[in-house]
Amino acid sequence: MKKIICLLLPVLWIFTLETYAQPWVQNDAIFNPSGIPSLPFSQPRFADLDGDGDPDLIIGNTEDKPYFMENSGSATNPAFTIGADIFAGISFLDAEMGVCADIDGDGDLDFIAGGFTGLNLFTNTGTISSPVFEKTEGFFDGLNVGSNPVPDLADVDNDGDLDMVVGLSESGMVKLYVNLGSPVMAQFTEASAIEIGDVGLYAYPNFCDLDADNDLDLLVGRDEHGFIYYQNTGTPNTAIWETNINTFAGLGNETYWNSPELTDLNGDGKFDLIFGSASGPLNYYLNSGTPTSPTWQLNTTLFGGVLDVGGASNPNFIDWDGDADLDMFTGSQLGDIKYFENTGTTSGPAWEENSSYFTSLKHSIYSAVAIGDVNDDGLFDAIVGDLSGKLYYHRNTGSGFFFETEVLSTVNLGGWSAPRLVDFDNDEDLDIVAGNEAGNLTYLENQGSAASPAWVIIPGFFGGIDVGTNCVAALGDLDGDGDLDIITGNLWSEVQFFENLGESWVENPEPIEGITGNQNTTPAFADLDGDGDLDIILGQYNGTFNYYRNQRIVSAITVQNQIKPFTLKPVFPNPFKSFTTISFELSEVSDMMLQIFDQSGHKILTKEWQKMESGIHHYHWNASSLPSGIYFIHLTSGNQHQIIKAVLEN
């Protein structure tokens, strides 16, 4: 069996970097055929925002303002594509999620949103088919809803105007605000609020007449598994809320922070269930029962296309099943090794998870895996790394994996080990290149044989390569000169290229211009379009994958970079327990101020630095005395500021 991993394909063309530039075209649909993005802490809601009679999709999330997808199908056969940026003028601080309702009775849909700043109304000053949302200041003043409330609106008391339910983030309380105004001039007061129930933390309520008795029931998601269903056993005029534990039993037990929407998505007169979660992908359950007695049937054809391992994806490619196309292996945040069989072709991959054979490879969290035949028996073996910094050799017996406890037992890279297998010294056996938490690369040369590996660390092999924190590498002949180059990812979203010059490694940003990562980027090489050159795949901290297709063009390209005064990096870890690291990079000497706020807007911490030097800086935040929840990290220099979120789970 060939000893070099399939992703290290030889490249037949040879160019010099002076005459050759690598243009990259991003096409994440190769890992997401549905086209529906997987956004962290997703909250799907539906509304006909283009006036064509079918439901469009709004996805709230913690990454940015709500995301709009137009229903390009129909009311009975939906299909969702990226729509106009109708929320362009809305700040993510004002709208982590939102719902649409005609709150002013003018015949078009307005947008009622919950965000860091509380509850906000965006009035539609456009039309039914082309909405324009403008913020109406102070509309919900006086309501005690805190930060990141989750609203929904419907006529609960059957008086012709819209009432409002709000789920609270801080307490998990579900509160009903009866509209004391009119259909054209809504009025809500705290004095009229009715507490329906407490679901724990982060309540996500949604109105629906699920039992078809002409009054409105409430389905509520939360930060735990499952749902709380409040069935209205009263009348259309006077609600009586009673907990029903049967209707949604068993649903949402594999996900956290479930945020539901009940809507008739296929036009059959029955309400279906769509919900988001912390991990991102949307879950769709078709109601195959009756309008009064639902039966839930999982449907993965509409929203099920996103490959998402739940967190900390770390891809690696090899033809595991011997069908001449590249399959994918990946580590994950929980430590499971996932295998996705390529059921497509060499130029058009399609992915189907089949991980059962690899369950024994799990050791600890934040796993990484390299696959190759390291003992020359015709079977692919596994080298696993994880948060501990150790490396583990699992020999493939043909019926499972046997953990060779003595091999590599003395190796400890100090945390976050991420191995790759490659015949680096061209001696017909597989060596190991591994990144670590400190940001370095380690070379373990196989000084045994193809049949009996014995890996020995060669100190200083990669010279001064140091990418900061959480280095993950991919090796391949990217510049076509016959030797192996390196691209790396790190904690700070950076992707770097190190050219192999024989006696040294030199960083050269030009060949990877246009490649951008996210927190804890983990790169891999693979020719996924079958054109003979190496494409780049990036694993992401949120569990998804990005694909950059390599289009070879012989030309010189000059790119001018826009220099930002500073960049606030994603905190790590996130979510975190007690401690996390806040990092930022300065392009020049600057006065800096760091502030941290809780969900209520209370300032938790202020740190100021005078004349900070350029470069990357780290602040280690001890939040062990604070309650669990979402915190906002605000970094300021002069009139420039940036804000990111961190989730504390004590």
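The values are calculated or read from the model by the stated rules, or taken from the named source; none is laboratory data. All of these numbers come straight from a predicted model, not from anything done at the bench. In this analysis, Cβ positions are derived from the backbone assuming ideal geometry, glycine residues included, and neighbour counts consider all displayed protein chains. Surface areas here come from the heavy atoms of the whole protein model, side chains and all, with no ligands, DNA or RNA. Shrake-Rupley method; radii C 1.70, N 1.55, O 1.52, S 1.80 Å.
Things to note:
- Taking the criterion of being aliphatic (A, V, I, L, M) and in a loop (DSSP other than H, G, I, E, B), the residues of region 378-419 that qualify are Leu379, Leu387, Val407, Leu408, Val411, Leu413.
- Residues considered: Phe68, Phe80. Of these, the only one that is under 16 Å from Tyr284 (Cα atoms) and not acidic (Asp, Glu) is Phe80.
- Close pairs from region 444-473: first free of Cβ contacts under 8 Å to residues at least 12 places away in the same chain, partner open to solvent by 10 Å² or more (accessible area, probe 1.4 Å) and assigned to a strand (DSSP E or B), Cβ under 7 Å, at least 6 apart: Gln447/Val456
- Of the residues Lys270, Lys338, the single one that is basic (Lys, Arg), modelled with pLDDT of 90 or more and over 30 Å from Val374 (Cα atoms) is Lys270.
- Taken over region 344-377, the residue count meeting the criterion of being assigned to a loop (DSSP other than H, G, I, E, B) and among the hydroxyl-bearing types (Ser, Thr, Tyr) is 7.
- Within region 123-155, the only residue that satisfies the criterion of being open to solvent by 70 Å² or more (accessible area, probe 1.4 Å), within 32 Å of the chain's Cα centre (by Cα) and within 29 Å of Thr238 (Cβ to Cβ) is Asn144.
- Test: residue in region 338-353 that is touching a residue at least 40 places away in the same chain (Cβ under 8 Å) and β-branched (Val, Ile, Thr): yes
- Condition broken by Leu444, with the remaining ones in (1) closer than 21 Å to Val495 by Cα; (2) modelled with pLDDT of 95 or more satisfied: (1)
- Exactly one residue out of Ala324, Ala382, Ala350, Ala370 is in contact with a helix residue (DSSP H, G or I) (Cβ under 6 Å, 6 or more places away or on another chain) and either under 30 Å from Asp533 (Cα atoms) or among the charged types (D, E, K, R) (or both), and it is Ala382.
- Residue among Thr81, Thr76 that alone is of a type in the set (S, T, N, Q), under 20 Å from the mean Cα position of the chain (by Cα) and modelled with pLDDT under 95: Thr81
- Counting only residues that are in contact with a Leu (Cβ under 9 Å, 6 or more places away or on another chain) and either closer than 23 Å to Met97 by Cβ or part of a loop (DSSP other than H, G, I, E, B) (or both), region 184-196 holds 9 of them.
- Boolean, Thr469 is of a type in the set (Ser, Thr, Tyr), at pLDDT 90 or above, more than 30 Å from Gly344 (Cα to Cα) and open to solvent by less than 40 Å² (accessible area, probe 1.4 Å): yes
- Taken as a whole, the condition of being crowded, with 23+ Cβ neighbours inside 10 Å, part of a loop (DSSP other than H, G, I, E, B) and touching a Gly at 6+ places or on another chain (Cβ under 8 Å) does not apply to Gly305.
- Filtered residues of region 591-617 (kept if in contact with a Lys or Arg (Cβ under 9 Å, 6 or more places away or on another chain) and under 20 Å from Pro570 (Cα atoms)): Met592, Met593, Leu594, Gln595, Ile596, Phe597, Ile616
- Some residue of region 68-90 being assigned to a loop (DSSP other than H, G, I, E, B), surrounded by 22 or more Cβ atoms within 10 Å (Cβ to Cβ) and in contact with a Gly (Cβ under 6 Å, 6 or more places away or on another chain): no
- Identity of the residue in region 181-194, out of contact with any Phe, Trp or Tyr (no Cβ under 7 Å at 6 or more places or on another chain) and without any contact (Cβ under 8 Å) to a residue 24 or more places away in the chain, that ends up least open to solvent (accessible area, probe 1.4 Å): Gly181
- Looking across Glu404, Glu437, Glu428, one residue alone is open to solvent by 10 Å² or more (accessible area, probe 1.4 Å) and without any contact (Cβ under 8 Å) to a residue 40 or more places away in the chain. It is Glu404.
- Unique residue being assigned to a strand (DSSP E or B) and within 23 Å of Thr255 (Cα to Cα) when the list is Asn206, Asn120: Asn206
- Qualifying residue in region 206-225 (condition: closer than 15 Å to Ala154 by Cα, modelled with pLDDT of 95 or more and of a type in the set (Phe, Trp, Tyr)): yes
- For region 218-261, residues that are assigned to a strand (DSSP E or B), over 17 Å from Asp163 (Cβ atoms) and open to solvent by less than 40 Å² (accessible area, probe 1.4 Å) total 6.
- Residue satisfying all of: in region 611-629; aliphatic (A, V, I, L, M) and touching a residue at least 40 places away in the same chain (Cβ under 8 Å); surrounded by the most Cβ atoms within 10 Å (Cβ to Cβ) among these: Ala623
- Residue within region 501-514 that is under 20 Å from Pro419 (Cα atoms), open to solvent by 20 Å² or more (accessible area, probe 1.4 Å) and of a type outside the set (Asp, Glu) present: yes
- Unmet requirement for Asp479, which otherwise passes all of (1) touching a residue at least 40 places away in the same chain (Cβ under 8 Å); (2) part of a strand (DSSP E or B); (3) buried (at least 20 other Cβ atoms within 10 Å of the Cβ): (2)
- Answer from Phe597, Phe632 - the residue that is open to solvent by 30 Å² or more (accessible area, probe 1.4 Å) and either modelled with pLDDT under 90 or among the aromatic types (Phe, Trp, Tyr) (or both): Phe597
- Some residue of region 110-122 being free of Cβ contacts under 8 Å to residues at least 24 places away in the same chain, open to solvent by 40 Å² or more (accessible area, probe 1.4 Å) and among the aliphatic types (A, V, I, L, M): no
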